[in-house]
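Below is one structure; the comments refer to it alone.
The values are calculated or read from the model by the stated rules, or taken from the named source; none is laboratory data. All figures in this text were calculated on a predicted structure; none of them were measured in a lab. Glycine also receives a Cβ, built like all others from the backbone with ideal geometry; neighbour counts cover every protein chain displayed. Remember, those area values only see protein heavy atoms, side chains included, never the ligands or the DNA or RNA. Shrake-Rupley method; radii C 1.70, N 1.55, O 1.52, S 1.80 Å.
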Amino acid sequence: MRVLGISTSPRENSNSDMLLRQVLSGASSTGAEAEYLRLCKFNISPCLACGACYATGECPVQDDFAVVLAKILAADRIVFATPVFFMSVCAQAKILIDRCQCLWAAKYILKRPIIGPREISRLAMVIAVGGKKGGKAFDCIRLMMKYYLDAIDMGYFANLFISNADEAGKIADNAEAMQEAVQLGKELVLAAGPATGKTIDVELIG
Ligand SMILES: Cc1cc2nc3c(=O)[nH]c(=O)nc-3n(C[C@H](O)[C@H](O)[C@H](O)COP(=O)(O)O)c2cc1C
């Protein structure tokens, strides 16, 4: 069982990053192999909408996307962590999401399987942290991730959404959120999948 954690926040001492590490430690405690990836260390440029992937299923832009894509395709579980920026994901996360258009093209235009037959079903969870209190902070992310995870052939297992956590590192003082993250990491690995039912939704106030 390979679990890939993608941390997209650009800042040090990031709240979403801390929760991601907790999820990965929960996943590792069940015996899964967990890999942590900090997206801002990779050089990935935005999708050019050149249309090449509609004919080939592959992205012609030469940068670190190929490295990250290989990890996404190899993973059995993905944990995608993002801060809330203007009611959505941060730019680093959005760039990665858009570049995965090549997988969408392979799946829906070329009708080619993007993942070979597997014994283990692929499942993902999403972590998002916002500084404001509640409201509609996670609506956009929820919808975006539904379509993104479908494009990369991942069942949508769970959300861990935290509002009212603005200051860097603040989430470390929130024992409930930190423990919930460990628990969701365990559940993500142990879930039999495929996730055909409802996505688990955990929303907490930081
Ligand atoms: C550019 C920018 C936009 C933001 N927009 C929102 C927002 O729309 N809603 C919100 O709740 N918080 C917003 N915030 C606050 C962050 O979501 C908050 O600081 C969060 O803890 C960041 O997570 P991180 O520590 O993982 O980067 C914004 C912060 C920045 C820098």
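Taking amide hydrogens as placed 1.01 Å from N in the peptide plane, the amide H of residue 200 sits under 5 Å from those of 158, 159, each at least 5 positions away in sequence or on another chain. The C-alpha radius of gyration of the stretch 2-205, expressed as a fraction of 2.2 N^0.38 Å, stands at 0.97. By accessible area, using a 1.4 Å probe on protein heavy atoms only, the chain has 56% of its surface on carbon and sulfur.
For the stretch 65-74, 3J(HN,Hα) computed residue by residue from phi via the Karplus equation (6.51, -1.76, 1.60; θ = phi - 60°) reads 4, 4, 5, 5, 4, 4, 5, 4, 6, 7 Hz, glycine and proline entered as x. Helix 15-29 axis versus longest C-alpha principal axis of the chain: approximately 80°, rounded to the nearest ten. The C-alpha atoms of the chain define a longest principal axis, and helix 175-190 lies at about 40 degrees to it.
In the full protein context, the stretch 2-205 carries 48 Å² of accessible surface per residue, based on a 1.4 Å probe and ignoring ligands, DNA and RNA. Residues in the stretch 107-115 carry Karplus couplings, in order, of 6, 9, 9, 7, 6, 10, x, 8, 10 Hz; the curve used is 6.51 cos²θ - 1.76 cosθ + 1.60 with θ = phi - 60°, and Gly or Pro positions show x.
Per-peptide packing, taken as the mean over residues of other Cβ atoms within 10 Å, places 170-178, 69-77, 22-30 in the sequence 22-30, 69-77, 170-178 from highest down. In the stretch 32-130 the Cα-Cα distances spread across 10 Å bins starting at 0 as 14, 43, 36, 7 percent of all pairs.
When both bridge partners sit in the chain, DSSP labels roughly 5% of those beta bridges antiparallel. Compared with the dominant Cα axis of the chain, that is its longest principal axis, helix 139-151 is turned about 40°. A cysteine counts as unpartnered when no other cysteine's C-beta lies under 4.7 Å of its own; in the chain this applies to 40, 47, 50, 90, 100, 140.
Put 36, 147 in order of accessible area, highest first, and with a 1.4 Å probe you get 147, 36.
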